[in-house]
Amino acid sequence: ALSQSLDEAFSLWKQLLESPGIPCVRSPEQTVTSLQLLATLYQLLAKPLQAMESFLLLRSLCRRLGDIPGAAGALSQLSRILFQLECPSQAQV
């Protein structure tokens with residue numbers, strides 16, 4: 001029940017970011033921040049798979065925006081989650 005709103009937000013972000021290219025949003029930078037917050041909240045709720053999916057969306061958006069440090073940060077967080085899940089071989093990929 002606690003994550004229902006997060007799940008709805010994730011679903012909306014996922015729909016918005018399905019199409020290629022930069023999404024039509026008011027502020028791409030604010031969208032990046034919102035996705036970072038979403039992923040972090042999933043981590044705090046001990047929902048690593050949802051956090052990973054959120055970081056994957058974040059990485060995709062950062063790549064589209066040409067935000068190399070943002071994409072690298074998302075990949076770093078993904079690797080960290082994979083190590084926590086004891087999947088080091090997946091983290092290396």
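The values are calculated or read from the model by the stated rules, or taken from the named source; none is laboratory data. Note that this is a predicted model, so its numbers are computed, not measured. Heavy atoms of the whole protein, side chains included, go into the accessibility calculation; ligands, DNA and RNA do not. Shrake-Rupley method; radii C 1.70, N 1.55, O 1.52, S 1.80 Å.
Worth pointing out:
- Each residue was assigned an accessible area with a 1.4 Å probe, and for Thr40 the value is about 60 Å².
- Per-residue 3J(HN,Hα) values for the range 72-82, derived from phi via the Karplus relation 6.51 cos²θ - 1.76 cosθ + 1.60 with θ = phi - 60°, read 5, x, 5, 5, 4, 5, 4, 4, 4, 5, 4 Hz in sequence order (x marks Gly and Pro).
- In order through the range 15-25: 3J(HN,Hα) via Karplus (6.51 cos²θ - 1.76 cosθ + 1.60), integer Hz, x for Gly, Pro: 4, 5, 9, 5, 6, x, x, 7, x, 7, 10
- Length gained when the stretch Ile68-Lys14 is fully extended (0.36 nm per residue, less Cα-Cα span): 17.4 nm
- Within the chain, helix-based [θ] at 222 nm, where runs of 4 or more DSSP H residues each add -39,500 (n - 2.57), nearest 500: -24500 deg cm²/dmol
- Accessible surface computed residue by residue for the chain, with neighbouring protein chains in place and a 1.4 Å probe, gives 65 Å² per residue.
- When Cys87, Cys62, Cys24 are compared by accessible area at a 1.4 angstrom probe, the order from most to least is Cys24, Cys87, Cys62.
- The H on the amide N of Cys87, modeled in the peptide plane, is under 5 Å from the matching H of no residue at least 5 residues off or on a different chain.
- Most to least accessible of Val32, Val25 (protein chains only, probe 1.4 Å): Val25, Val32
- Split the accessible area of the chain by element, probe 1.4 Å, and carbon with sulfur accounts for 57%.
- Shape category assigned to the range 27-86 from the gyration tensor of Cα positions, a/c cut at 1.5: oblate
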